[in-house]
Structures are given as C-alpha cells and as structure tokens.
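The values are calculated or read from the model by the stated rules, or taken from the named source; none is laboratory data. The structure presented is a predicted model; accordingly, all values stated were derived computationally and were not measured. We place every Cβ from the backbone using ideal geometry, glycine too, and count neighbours over all the protein chains shown.
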Amino acid sequence: NAGVTQTPKFQVLKTGQSMTLQCAQDMNHNSMYWYRQDPGMGLRLIYYSASEGTTDKGEVPNGYNVSRLNKREFSLRLESAAPSQTSVYFCASIQGAWGTEAFFGQGTRLTVV
Amino acid sequence: GENVEQHPSTLSVQEGDSAVIKCTYSDSASNYFPWYKQELGKGPQLIIDIRSNVGEKKDQRIAVTLNKTAKHFSLHITETQPEDSAVYFCAASIGGNNNDMRFGAGTRLTVKP
C-alpha cells in the first residue's frame with residue numbers, strides 16, 4: 001500500500017521555467033491538497049480538491065494551477081517559476097473533510113534559481 | 001480565518017525527560033486539533049488528535065490537552081527517546097470544512113541520548 005506518492009522528489013528550475021508536480025493516492029480518498037512548507041511558516045495551503053472535478057484556492061494560490069485528473073491524481077503546475085516559489089511541496093489526501101486523518105506524501109523539494 | 005501559533009520553535013531535552021509543545025488558536029469555532037510528526041526527509045504523519053468535546057487524550061507516551069476557554073492545546077511526550085527527535089506541527093480546524101485547516105510553524109524537538 002503506497003499511500004500518497006509524489007514525483008519528483010527533487011527539482012531545480014530556472015526562473016521562468018514551468019513544471020508540474022504529480023501526486024497520486026491509492027486510498028480512494030475524496031479530498032486532496034497541495035501545501036508548501038517554508039522555514040518558520042509551517043504548512044500553507046495552496047489549492048485543494050474536495051472531490052473529483054472540483055478545485056478551490058487555498059491561502060497562497062498565486063503563481064500556481066492545479067488539475068484533479070481523476071479521483072487518484074492531483075497535479076500542481078508552476079507556469080513561470082519564481083525564486084519565491086523555492087519551497088518543499090507536500091500533497092495530502094483525506095477520506096472526507098478535515099476532522100479525519102490526513103495522509104501526506106514525502107514531499108518535493110523545489111529550488112528556483 | 002484561523003491563526004495558529006506554536007511554541008517553542010526548538011526544544012532540546014535529555015532522553016527520559018518530558019517534552020511539552022504549546023499551541024494557541026484564534027477561531028473559537030475550531031473543533032478539531034491534530035498533531036503531526038515530521039521526520040527528516042518525510043511527510044508529516046498524524047500522531048494524535050483531539051476534538052473539542054474532550055479535554056485530554058492519551059496514547060502511550062503521548063498526550064494532548066485542550067483548554068477551549070483559553071483557546072490553547074498542548075502536546076506532552078513523556079519518557080522521551082532519541083527516535084522522538086523530529087519536527088512537530090499542531091493544527092486547528094473546523095471539522096467538515098475542506099479548506100480551513102491551519103498549521104502552526106512547527107517545533108524541532110531534539111532528544112539527546
């Protein structure tokens with residue numbers, strides 16, 4: 001049972017480049033989330049998807065887009081990367097809404113130079 | 001929206017001692033308070049959670065207490081072991097709300113053998 005799988009684990013981008021972070025869960029969860037983690041700031045919500053076909057903005061959505069491809073997969077896209085987007089990105093999934101356990105992936109460490 | 005503050009940011013204890021991490025929240029409607037442990041290079045993992053209808057919850061060496069009046073909750077780890085060394089995050093949310101989970105900034109706990 002893999003849980004939540006994120007790819008890639010590490011990535012270096014040049015300013016202005018684009019990339020997509022992939023996330024897949026095998027627990028048949030309805031809700032999926034993308035967070036970024038910065039030193040001293042905890043986890044901040046970028047986008048979430050309450051169910052297949054729906055997405056909504058979180059606390060820090062600017063510069064990102066998402067796609068809920070199907071129930072298993074939720075991708076995060078940076079169209080034009082900026083140094084301020086250097087961070088560790090985590091995908092998480094929950095069966096329903098908050099109030100039950102969230103399962104996190106291992107993270108993607110992204111550096112934008 | 002909810003604001004969660006967590007203290008201390010770093011904590012160092014001797015093996016066998018107790019460790020206490022404290023969090024405060026701002027939204028009195030919050031009713032779900034999980035604690036996550038993040039080991040180096042991994043995603044956060046739920047270790048214990050508490051709901052607003054309970055004042056204390058224990059699981060072996062870990063306990064969480066909640067004071068709804070003061071809007072603060074704490075994580076207590078007794079008989080600490082080197083494998084308890086990690087970053088711990090508290091969080092608060094209104095259960096059932098898909099995007100209203102806010103995390104504290106994290107506490108880096110080091111247990112010295």
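Can you name the condition, by its number, that B:F89 falls short on among (1) surrounded by fewer than 20 Cβ atoms within 10 Å (Cβ to Cβ); (2) of a type in the set (A, V, I, L, M, F, W, C); (3) in contact (Cβ under 8 Å) with a residue 24 or more places away in the chain?
Among (1) surrounded by fewer than 20 Cβ atoms within 10 Å (Cβ to Cβ); (2) of a type in the set (A, V, I, L, M, F, W, C); (3) in contact (Cβ under 8 Å) with a residue 24 or more places away in the chain, B:F89 violates only (1).
Please determine whether any residue of the stretch A:7-29 is part of a strand (DSSP E or B), aliphatic (A, V, I, L, M) and either loosely packed, with under 14 Cβ neighbours inside 10 Å or out of contact with any strand residue (DSSP E or B) (no Cβ under 6 Å at 6 or more places or on another chain) (or both).
Within the stretch A:7-29, one or more residues are part of a strand (DSSP E or B), aliphatic (A, V, I, L, M) and either loosely packed, with under 14 Cβ neighbours inside 10 Å or out of contact with any strand residue (DSSP E or B) (no Cβ under 6 Å at 6 or more places or on another chain) (or both).
Assuming B:L75 fulfils every condition listed in (1) under 27 Å from A:C91 (Cβ atoms); (2) in a strand (DSSP E or B); (3) within 14 Å of another protein chain (Cβ to nearest Cβ) apart from one, which condition is it?
In the conditions (1) under 27 Å from A:C91 (Cβ atoms); (2) in a strand (DSSP E or B); (3) within 14 Å of another protein chain (Cβ to nearest Cβ), B:L75 misses (3) alone.
In contact (Cβ under 8 Å) with a residue 24 or more places away in the chain, away from chain A (no Cβ under 13 Å), out of contact with any Cys (no Cβ under 6 Å at 6 or more places or on another chain) and surrounded by fewer than 17 Cβ atoms within 10 Å (Cβ to Cβ) - does that describe any residue in the stretch B:29-38? So that I can check it myself, show each step before the final result.
Of all residues in the stretch B:29-38, those in contact (Cβ under 8 Å) with a residue 24 or more places away in the chain come to B:29-38.
Next, from what is left, pick out any that are away from chain A (no Cβ under 13 Å): none.
Within the stretch B:29-38 (the criterion being in contact (Cβ under 8 Å) with a residue 24 or more places away in the chain, away from chain A (no Cβ under 13 Å), out of contact with any Cys (no Cβ under 6 Å at 6 or more places or on another chain) and surrounded by fewer than 17 Cβ atoms within 10 Å (Cβ to Cβ)), the answer is no, since none of the residues qualifies.
Before we move on, is B:G16 in a loop (DSSP other than H, G, I, E, B), within 13 Å of another protein chain (Cβ to nearest Cβ) and surrounded by fewer than 18 Cβ atoms within 10 Å (Cβ to Cβ)?
Details: in a loop (DSSP other than H, G, I, E, B): yes; within 13 Å of another protein chain (Cβ to nearest Cβ): no; surrounded by fewer than 18 Cβ atoms within 10 Å (Cβ to Cβ): yes.
Against the criterion (in a loop (DSSP other than H, G, I, E, B), within 13 Å of another protein chain (Cβ to nearest Cβ) and surrounded by fewer than 18 Cβ atoms within 10 Å (Cβ to Cβ)), B:G16 does not qualify.
Would you mind telling me which numbered condition in (1) more than 14 Å from the chain's Cα centre (by Cα); (2) surrounded by fewer than 17 Cβ atoms within 10 Å (Cβ to Cβ); (3) closer than 18 Å to A:V60 by Cβ A:R109 fails?
(1)
Within the stretch A:44-75, which residues are of a type in the set (A, V, I, L, M, F, W, C), assigned to a loop (DSSP other than H, G, I, E, B) and touching a residue at least 12 places away in the same chain (Cβ under 8 Å)?
Within the stretch A:44-75, the first condition is being of a type in the set (A, V, I, L, M, F, W, C), and the residues that meet it are A:45-46, A:50, A:60, A:66, A:69, A:74.
So of that shortlist, the ones also assigned to a loop (DSSP other than H, G, I, E, B) come out as A:50, A:60, A:69.
Hits for the stretch A:44-75 are A:A50, A:V60.
Does B:D49 qualify as being among the acidic types (D, E), more than 14 Å from chain A (Cβ to nearest Cβ) and within 26 Å of A:D38 (Cβ to Cβ)?
Working: among the acidic types (D, E): yes; more than 14 Å from chain A (Cβ to nearest Cβ): no; within 26 Å of A:D38 (Cβ to Cβ): yes.
So B:D49 fails the test.
Tell me which of these A:P39 doesn't satisfy, since it passes every other one: (1) at pLDDT 95 or above; (2) at negative phi.
(1)
Restricting to the stretch B:46-65, give me the number of residues that are within 27 Å of A:Q106 (Cα to Cα) and surrounded by 15 or more Cβ atoms within 10 Å (Cβ to Cβ).
8
Please tell me if A:S93 is surrounded by 14 or more Cβ atoms within 10 Å (Cβ to Cβ), part of a strand (DSSP E or B) and without any contact (Cβ under 8 Å) to a residue 60 or more places away in the chain.
no
Provide a single number: the residues in the stretch B:19-28 that are more than 14 Å from chain A (Cβ to nearest Cβ) and not hydroxyl-bearing (S, T, Y).
3
Condition first: aliphatic (A, V, I, L, M), within 12 Å of chain B (Cβ to nearest Cβ) and within 14 Å of the chain's Cα centre (by Cα). Now tell me which residues in the stretch A:61-99 satisfy that. Give the derivation first.
Restricting attention to the stretch A:61-99, the residues satisfying the condition of being aliphatic (A, V, I, L, M) are A:66, A:69, A:76, A:78, A:81-82, A:88, A:92, A:94, A:97.
Then drop every residue that is not within 12 Å of chain B (Cβ to nearest Cβ), which leaves A:88, A:92, A:94, A:97.
Within the stretch A:61-99, A:V88, A:A92, A:I94 qualify.
Among the residues of the stretch A:30-58, how many are among the hydrophobic types (A, V, I, L, M, F, W, C), closer than 19 Å to B:L46 by Cα and either in contact with a Leu (Cβ under 7 Å, 6 or more places away or on another chain) or surrounded by 21 or more Cβ atoms within 10 Å (Cβ to Cβ) (or both)? Outline the logic, then answer.
The first filter runs over the stretch A:30-58 and keeps only residues among the hydrophobic types (A, V, I, L, M, F, W, C), leaving A:32, A:34, A:41, A:43, A:45-46, A:50.
From what is left, the residues that are closer than 19 Å to B:L46 by Cα are A:32, A:34, A:41, A:43, A:45.
From what is left, the residues that are either in contact with a Leu (Cβ under 7 Å, 6 or more places away or on another chain) or surrounded by 21 or more Cβ atoms within 10 Å (Cβ to Cβ) (or both) are A:32, A:34, A:43, A:45.
Total satisfying the criteria: 4.
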